[in-house]
Amino acid sequence: MLRCYKEGEKQAKEALEVYERLGDTVGQAECLGALAISLHKSGQLDAAEEVASRAINLLPKKGNQFLLSRCHRSLAAMHWSKGDIEKAILHSETALGIASFWGWYNHLHRDHYFLATLFCTQGRFDDANAHVELANSHTVNNPFELALSMYLQAGIWLQQFKFEQAKSKALHAVEIFEKLGAVQDLETCRQLLGIIDLMQEEIAGLSLVVINSWKSATPSAC
C-alpha cells in the first residue's frame, strides 16, 4: 500500500515459506495473492499472473470465496495490463459472479466499475453505460463510490459527445468530492469539466464552419 513493492514482495515470500512449512494451503494462497499484487504493481506481469493462478489452484472448491474473488480481480487487472481484453473480462466476470452470490456490495461496485472502465477504453459504450449504472446501484450510501461512478459516467458520455449529460454528472461528482475533502479526485474531476467545455466549444465552432461552408456552396435559386 505504501508502494514499496520490492519490500512487499520480500515479505510475502518470507510469509509464504512459513505457510509452506506448516502445510497451510489457505495461508499460502493469501501470501501468493499479496505477492501477485506486488509483482503486478512493479510491472512483472507474467510472474504476477503465474503467482495469482497458483493461489487460485491452492484454494478449495468451497470456502474462501473472498480470497478467490480477489485473485480473479487481480488476474483481470493483469490481463488488461497485458492487452488480453477477453481474459480480463472473463476473470472480472468471475469475480463479479462471486460477489453477486454473496451480496458484497462494495465488491459489486468495484467489479462493475472495472468492467465499465474497460469497455469504455474499447469503445463499447453501451456495455460501459450498463456497467456504470450497475456500479452506481451498488454504492449503498457510499458517497465516494457514488462520485466515482458519476465521474466515470461523465467520461463515457463525453466520448459519445453527450456534453450536457456529461457536464451534469461531472458537476455532481465535483460537489461530492468537495464535501468529502477528496482533493486529488476533485482536481481530476475539475480537469474533466474543463475538457468537456473545451470539446463542446470546438464541436460548436466546427459545426458553424461546416454550416457556413455549405451555405456558400449552395447554388442560388434561378
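Some points to look at:
- Note that the chain, at 4 °C in a medium of 1.567 mPa s, gets a Stokes-Einstein diffusion coefficient of 65 µm²/s from its Kirkwood radius over C-alpha pairs.
- Here's the picture: charge each Lys and Arg Cβ at +1 and each Asp and Glu Cβ at -1 in the range 1-103, and of Ala47, Gly103, Leu67 the one pushed furthest to the positive end of that dipole is Gly103.
- Test item: Cα-centred dipole of the range 28-111, Lys/Arg +1 and Asp/Glu -1 on Cβ, debye: 220
- Distance from the alpha carbon centroid of the range 78-124 to that of the range 126-145 works out to 13 angstrom.
- Across the chain, the mean sequence separation of Cα contacts (distance under 8 Å, 6 or more residues apart), normalised by length, yields a relative contact order of 9 percent.
- Distance between the modelled labels on Arg21 and Glu164, one decimal in nanometres: 6.9 nm (7 Å Cα→Cβ projection).
- Greater than 30 Å apart at Cα, pairs in Lys41/Lys61; Lys6/Lys167; Lys62/Lys169; Lys41/Lys167; Lys10/Lys179: Lys6/Lys167; Lys62/Lys169; Lys41/Lys167; Lys10/Lys179
- Magnitude of the charge dipole, the range 104-214, Cβ model with Lys/Arg +1 and Asp/Glu -1, debye to 20: 80
- Nitroxide proxy distance, nm - points 7 Å out along Cα→Cβ at Arg124 and Cys4: 4.0
- Neighbour-count ranking [beta-carbon atoms within 10 angstrom, fewest first] of Val183, Val26: Val183, Val26
- Across the range 104-214, the relative contact order, built from alpha-carbon pairs under 8 Å that are at least six residues apart, equals 19 percent.
- Cβ-Cβ distance of Met199 and Glu93, R₀ of 35 Å, FRET efficiency by 1/(1 + (r/R0)^6): the value works out to about 0.60.
- Cut-off 19 Å (backbone N to label point 7 Å along Cα→Cβ of Phe66), residues of the range 83-121: 95-111
- Taken about its Cα centre, the chain carries a charge dipole of about 140 debye when Lys and Arg each add +1 at the Cβ and Asp and Glu each add -1 at the Cβ.
No lab work stands behind these numbers, since they all come straight from the coordinates. The structure displayed is predicted, hence computed values, not measured ones. Positions of Cβ are generated from backbone atoms using ideal geometry, with glycine treated the same way; all protein chains shown enter the neighbour counts.
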